Amino acid sequence: MHTHLTRAWVEIDLGALLRNGAAMAARGASLIPMIKADAYGLGAVPVARALERLDPFAFGVATLDEGAALRAAGIRRPVIVFTPVQGAELAELRAAKLTPILARAEDIHAWRLAGGGPWHLPIDTGMGRCGVPWEQVDSLVQAASHAPPEGAFTHFHSAERDDGSVAEQERRFHEAVAKLAVRPRYLHAENSAALARRDRSPWDLARPGIFLYGVGSGSGALVQPEPVASVRARIVSLRTVAAGATVSYGAEWRAAKESRVATAAIGYADGYRRAFSGVGAALVRGQRVPVAGIVTMDMTMLDVTGVPCEIGDAATFIGRDGSAEITIDDASAVSGVSPYELLTGFGARPEHSYRGGP
């Protein structure tokens with residue numbers, strides 16, 4: 001298994017990613033797959049190339065640089081930058097043929113004077129993050145009439161909960177859009193959880209993110225994703241320790257009996273968080289083994305007592321080994337770290353390996 005990979009690596013199943021995208025598209029809206037933060041750590045360019053098969057409306061990113069990187073890689077489909085940009089960045093954004101979100105009259109005017117192009121209007125219906133507050137859309141009607149937005153959107157703050165907030169935010173969104181002189185051609189509101197928890201989208205576009213990468217929306221969801229990412233690392237050291245011996249910083253782990261300890265070449269600098277210290281687990285030769293002691297920057301120790309493993313074996317920290325599996329949701333539950341943070345954290349140092357792609 002990937003014998004050329006000597007430390008930690010992330011395996012990405014692009015076939016599963018594509019099937020997850022198709023499940024989102026089946027809800028009825030054209031997609032804006034969110035591939036910000038380097039596609040949640042899994043690689044924006046290979047992910048975008050795989051998702052091109054679904055003919056998405058656009059791709060969603062968070063920064064000008066993320067959009068420019070897609071353009072440099074040959075992605076020609078519309079790319080929407082979902083973080084507000086400052087005035088000086090508008091010219092760069094337009095030069096790269098990226099689509100901004102604009103929520104201030106002065107930015108709308110500046111965009112028009114710079115030559116214009118498609119833009120989307122963010123409407124804050126309760127998230128409190130960015131966008132024009134839904135009660136204040138009147139303040140933009142004049143500016144928007146001179147340079148009408150291609151789209152308008154809002155963002156749900158609690159789509160994974162059955163608390164009535166989605167319906168209330170949609171009501172506010174409808175009310176705000178009705179104040180515009182002309183309805184934008186494209187309206188969008190749904191993230192992964194909202195799409196997964198309803199039979200059919202009522203909107204023109206949808207913005208799935210975490211579902212694409214294998215994380216579901218809880219027991220109330222009508223559809224669940226396939227796992228996409230597996231995280232593995234080589235065992236680089238094995239030792240037998242006597243009863244009472246300690247392992248790792250702070251000597252917090254102590255062997256209750258003579259034990260065998262394996263060191264895997266993955267640590268918090270690779271995205272395997274210190275939060276897994278003493279509570280995490282890995283799969284070695286199809287058996288679940290516990291993390292022994294504090295996770296260090298570059299290495300993590302495992303109690304492999306009774307497991308016939310060798311140096312060079314792969315330890316699976318996320319993914320399947322034989323009939324055993326550790327999902328992102330499992331890892332999130334034991335560590336208390338959100339699946340979003342876990343996925344994006346594995347993007348920096350581990351090598352990425354892809355299968356099932358175009």
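Here, each number is a calculation from the coordinates, and none is a lab measurement. Values in this document were obtained by computation on a predicted structure and should not be read as measured data. All Cβ positions, glycine included, derive from the backbone under ideal geometry; neighbour counts span all protein chains shown.
Which ordering of Thr6, Thr263 is given by a fewest-first count of other beta-carbon atoms within 10 Å?
Thr6, Thr263
Please identify every one of the trypsin sites (Lys or Arg not before Pro) in region 189-218 that sits in a loop by DSSP and has no more than 13 other beta carbons within 10 Å of its own beta carbon.
Sparse-neighbourhood loop trypsin sites (Lys or Arg not before Pro): Arg200.
How many percent of all Cα-Cα pairs in region 14-213 sit more than 29 Å apart?
20 percent
Quick one: grab the alpha carbon gyration tensor of region 161-210, order the square roots of its eigenvalues as a ≥ b ≥ c, and give me rounded if a/c is under 1.5, else prolate or oblate depending on whether a/b is larger than b/c.
Oblate.
Tell me, what is the FRET efficiency for Arg53 and Val223 to the nearest 0.05, using R0 = 22 angstrom and their Cβ-Cβ distance as r?
FRET efficiency, Arg53 to Val223: 0.70.
Can you list which of the GluC sites (Glu not before Pro) found in region 214-312 are DSSP loop residues with at most 10 other C-beta atoms within 10 Å?
Sites meeting the loop and neighbour criteria: Glu310.
Would you list Glu92, Glu190 from fewest to most Cβ contacts within 10 Å?
Glu92, Glu190
Between beta-carbons, use under 14 Å as the cut-off and find the net charge around Phe153, counting Lys and Arg +1, Asp and Glu -1.
Taking every other residue near Phe153 into account, the sum is 0.
Quick one: putting +1 on the C-beta of Lys and Arg, -1 on the C-beta of Asp and Glu, what dipole do you get for the chain around its Cα centre, in Debye to the nearest 20?
Rounded to the nearest 20 debye, it is 500 debye.
When the helix-only estimate is applied to the chain (DSSP H runs of n ≥ 4, each -39,500 (n - 2.57), divided by the residue count), what is the mean residue ellipticity at 222 nm, nearest 500 deg cm²/dmol?
Calculated mean residue ellipticity at 222 nm is -6500 deg cm²/dmol.
At most 13 other Cβ atoms within 10 Å and a DSSP loop assignment: could you name the trypsin sites (Lys or Arg not before Pro) in region 1-81 that fit?
Taking region 1-81 and a limit of 13 other Cβ atoms within 10 Å, the loop trypsin sites (Lys or Arg not before Pro) found are Arg76.
Between Ala91 and Asp329, what FRET efficiency comes out of the Förster formula 1/(1 + (r/R0)^6) with R0 = 41 Å and r the beta carbon distance, rounded to 0.05?
The formula returns an efficiency of 0.45 here.
I need the calculated FRET efficiency for the pair Arg19 and Arg161, taking r as the beta carbon distance and R₀ as 25 Å, to the nearest 0.05.
0.40
Give me the three principal axis extents of the chain from the C-alpha atoms, as integers in angstrom, largest value leading.
Its Cα atoms span 77, 43, 37 Å along the three principal axes.
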